[in-house]
Number of protein chains: 2
Amino acid sequence: MRPMSLPVGLPALADSDLVGQVARILTQAVVQGRLPPGSKVVEAGIARELGISRAPVREAARLLEKQGLLVARPRRGFFVRKLEIKNIDEIYDLRLCIERHASVLAARKLTTESRDALRRQIDVLHRTADLDDPARQVEEDYRFHRLIFEIADNRRLLRLFDDLAAELRMVIGLIGRLYDDPHEIARTHEPLLAAIEAGHPERITAHVDYHIGHAWREVGKLVRELAPPVSDAGVPPGLILDPANGVTV
Amino acid sequence: MRPMSLPVGLPALADSDLVGQVARILTQAVVQGRLPPGSKVVEAGIARELGISRAPVREAARLLEKQGLLVARPRRGFFVRKLEIKNIDEIYDLRLCIERHASVLAARKLTTESRDALRRQIDVLHRTADLDDPARQVEEDYRFHRLIFEIADNRRLLRLFDDLAAELRMVIGLIGRLYDDPHEIARTHEPLLAAIEAGHPERITAHVDYHIGHAWREVGKLVRELAPPVSDAGVPPGLILDPANGVTV
DNA sequence: TAATCGTCGATTGTCGACAGTTTAGTCTTG
DNA sequence: CAAGACTAAACTGTCGACAATCGACGATTA
């Protein structure tokens, strides 16, 4: 018998996915400030603007609720979550907690392949640093840390990390630029990897503490600077969504 | 497994919070084995049986998906999640990770009131031990550990714990009885509390490791015992579950 | 004979509508 | 002039309907 199915990996065409698209559009709207923190997300309004019914909007909102971008209040709808400093601190506190754990686990389960993957990702970080593309830099940084969780091989841990990262990226997106010197951030990953390779738990956690702690302080500082003067006042009327901006295919 | 509608009669309902009620009913159906692991949850079927429309059923399913009881596969519906040993291990691994952290935090933030609350809960555990009510015992045990997370004062950490506990309790509920000697389990909380009161991080984590590790091993043992691999057409290999026993989550 | 294709029933994704509840705004009333 | 009662508009929760899609099974082809 011969292997019949197409062996080649095709880009899983899942983009008749209305819900996913709506979720992306809403996320962008929030990140870009068109939907300010605390503002109400009116199902019918979004639906009308996108030319669809309320059902997929609702599902998308639920999805974003799970991701922590929106909060649902029964009988009164979805609201864009307000970012308080305490939230940031809680997120980073948890992140620190699980990343220590994941890093130690990863060290224990490290193979030559996974080690090389990490090294390669650090290279990518360095190369990205030249591009002056903060969003990309954040993305590749995320990739590195995600790799660690993948190597740790606990799906639940990985999912949790993804959830936290989604929230953090939103915050970072709002802030705009996170690092002053992109190369600096690339370089700081090296001792962390070294510690993981060495497999010494104390050194690993110490490096994780330093590494994550640094980001924590930076983000905290920036958020505090931006002094979220949450205006509970009404949302600017008119078009807040731009379908052309987010719709893929 | 043949995709068919829910066979068993479910209690009719009328009150408000339809979604919550449906979620509870579905949860019961799963726990009681009327919805075996891996079986399909047909929206229309449930809706018809409860005398409501598909919308609230859908929402309830999404809720249970978030809780991990169901899994959603796009375009083909919701399924009762199958329990794999690996899942249990992953849950406990994460639990251990965050409970260490929470316990250290709790020690740092301990007040006389919160300390007394913990002590009282240990008393409750002892009193409950006489009742020969395993479910209640598990519940009070959960309360104790939840207290620690409350004292740690990180809402996100607390929510995560609640999520994990919900899953674990379901497993434990299905197993039936977790502890041989209820007083034994009550007693093992005492050195943990002592360590927290002393505020020595190493001792705390050591006790948490012992305490949670014990539960981990017990649950793992029991699940392994009553979950021999079943080869059912359509069920992917590698899964450890026993539909006949109704072991799910 | 085995793999692939076509067909058909079952089921999800999406839609528009309606009723009850919440909210915003207006009108009393002390 | 402030506090409360009322009213109307806006919105969510829920419903029933329809088309697109999935899975199963039998037909078809090599």
Tell me which lysines have Cα within less than 22 Å of A:K109's Cα, excluding those fewer than 8 residues away on the same chain? B:K86
May I ask you to find the residues of segment B:135-159 that are shielded by at least 50 Å² of accessible area once the whole protein assembly is considered instead of their isolated chain (probe 1.4 Å)? B:N154, B:R155, B:R156
Just the accessible area for B:H211, please: 1.4 Å probe, Å², rounded to the nearest 10? 20 Å²
Buried accessible area between A and B, both sides, 1.4 Å probe, in Å² rounded to 100, is 2300 Å²
For segment A:85-226, what does the accessible surface come to per residue with a 1.4 Å probe? Please give it in Å². 45 Å²
Distant-in-sequence amide H partners of B:V42 (H built 1.01 Å from N, under 5 Å): B:L6
Copies of B:K221 compared via label points 7 Å along Cα→Cβ give distances in nm, shortest first, of 5.3
Which is farthest toward the positive dipole end of segment A:18-82 among A:V57, A:L70, A:A47, measuring Cα position about the Cα centre, with Cβ charges +1 (Lys, Arg) and -1 (Asp, Glu)? A:L70
If the cut-off is a Cα-Cα distance under 18 Å, which lysines reach B:K82, setting aside same-chain residues fewer than 8 apart in sequence? B:K40, B:K66, B:K221
Compute the accessible area of each residue in segment A:53-94 twice, once for its chain alone and once with every protein chain present, using a 1.4 Å probe on heavy atoms, and list those whose area falls by at least 30 Å². A:E59, A:R62, A:K66, A:K86, A:E90, A:D93, A:L94
Enter the accessible area of B:M170 (Å², nearest 10), with the probe set to 1.4 Å and all protein chains included. 30 Å²
Charge dipole (segment A:85-226, unit charges on Cβ, about Cα centre) - positive-most of A:G199, A:Y142, A:T128: A:G199
Under the Karplus relation with 6.51, -1.76 and 1.60 and θ = phi - 60°, whole-Hz ³J(HN,Hα) for segment A:89-99, x at Gly and Pro, equal 4, 5, 4, 5, 4, 5, 4, 4, 4, 7, 6
What is the dipole size for segment A:85-226, taken about its Cα centre, with +1 at each Lys and Arg Cβ and -1 at each Asp and Glu Cβ, in debye to the nearest 20? 400 debye
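Computed FRET efficiency, Cβ-Cβ of B:E218 and A:D133, R0 51 Å: what is it to the nearest 0.05?
Efficiency, rounded to the nearest 0.05: 0.50.
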Leaving out ligands, DNA and RNA, what percent of the accessible area of segment A:18-82 is carbon and sulfur, probe 1.4 Å? 56 percent
Taking a 1.4 Å probe, which of B:H200, B:H101, A:H183 shows the most accessible area, and what order do the others take after it? B:H200, A:H183, B:H101
At 1.4 Å probe size, with no ligands or nucleic acids counted, give the accessible surface of A:V71 in Å², nearest ten. 60 Å²
Karplus-derived 3J(HN,Hα) from phi for segment A:181-195 (6.51 cos²θ - 1.76 cosθ + 1.60, θ = phi - 60°), whole Hz, x at Gly and Pro, runs 10, x, 5, 4, 5, 4, 5, 5, 6, 5, x, 4, 4, 4, 5
³J(HN,Hα) across segment A:20-29 via Karplus (A = 6.51, B = -1.76, C = 1.60, θ = phi - 60°), whole Hz, x for Gly/Pro? x, 5, 4, 4, 5, 4, 5, 4, 4, 4
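The values are calculated or read from the model by the stated rules, or taken from the named source; none is laboratory data. Please read all numbers here as calculations on a predicted model, not as lab measurements. Here the Cβ is made from the backbone with ideal geometry for all residues, glycine too, and neighbour counts use every protein chain on show. Only protein heavy atoms, including side chains, enter the accessible area calculation; ligands, DNA and RNA are left aside. Shrake-Rupley method; radii C 1.70, N 1.55, O 1.52, S 1.80 Å.
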